[in-house]
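S.K.: Here you go, one structure.
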Amino acid sequence: TMRGGGSTLGEEAIRGRRYDIVASTLFPPDPAAGRPTPSGDEQLVRTPIGLNGIAVIVHPSNNVDELSLVQLRDLYQGRVLDWQSLGSDVGEVV
């Protein structure tokens, strides 16, 4: 039986030996990149089988027509705090 719930729940479940196999979109541990190996991950085998696509959705009340990859990166890294800097009306990014 397959069941959804998210990558984090799946990885926690496999570490806890509640499942035999899970799918995950999380980046694998990489201590050099600041992603330490969680306890219990030492024996896990990750086999990449594809890439995960994402869609960025902006609320219709926001006057942003398009965002570049650099702008998206800056938004998600907390460098942009107000929509006005991206061409929209004044308003906090939440």
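S.K.: Compute the Cα gyration tensor for the chain, then decide on rounded, prolate or oblate, letting a ≥ b ≥ c be the square roots of its eigenvalues: rounded whenever a/c is under 1.5, prolate when a/b is larger than b/c in the other cases, and oblate in all that remain. If you can, show how the numbers build up before the last one.
M.R.: Details: a/c = 3.02, a/b = 2.21, b/c = 1.36.
The shape class here is prolate.
S.K.: Tell me the mean residue ellipticity at 222 nm calculated for the chain from its helices only (DSSP H runs of n ≥ 4, each -39500 (n - 2.57), averaged over every residue, nearest 500). Provide the component values of the computation, followed by the final result.
M.R.: Values: 2 runs with 17 residues, N = 94.
Calculated mean residue ellipticity at 222 nm is -5000 deg cm²/dmol.
S.K.: Order these peptides, 4-17, 45-58, by their mean beta-carbon neighbour count within 10 angstrom, highest first. Kindly include the intermediate steps, with their values, before the conclusion.
M.R.: On the way: 4-17: 13.5, 45-58: 7.3.
Packing order, densest peptide first, comes out as 4-17, 45-58.
Every number in this text was worked out from the coordinates using simple rules, so none of it is lab data. Computed from a predicted model, the values in this text were never measured in an experiment. As a convention, Cβ positions derive from the backbone with ideal geometry for all residues, glycine included, and neighbour counts pool all protein chains shown.
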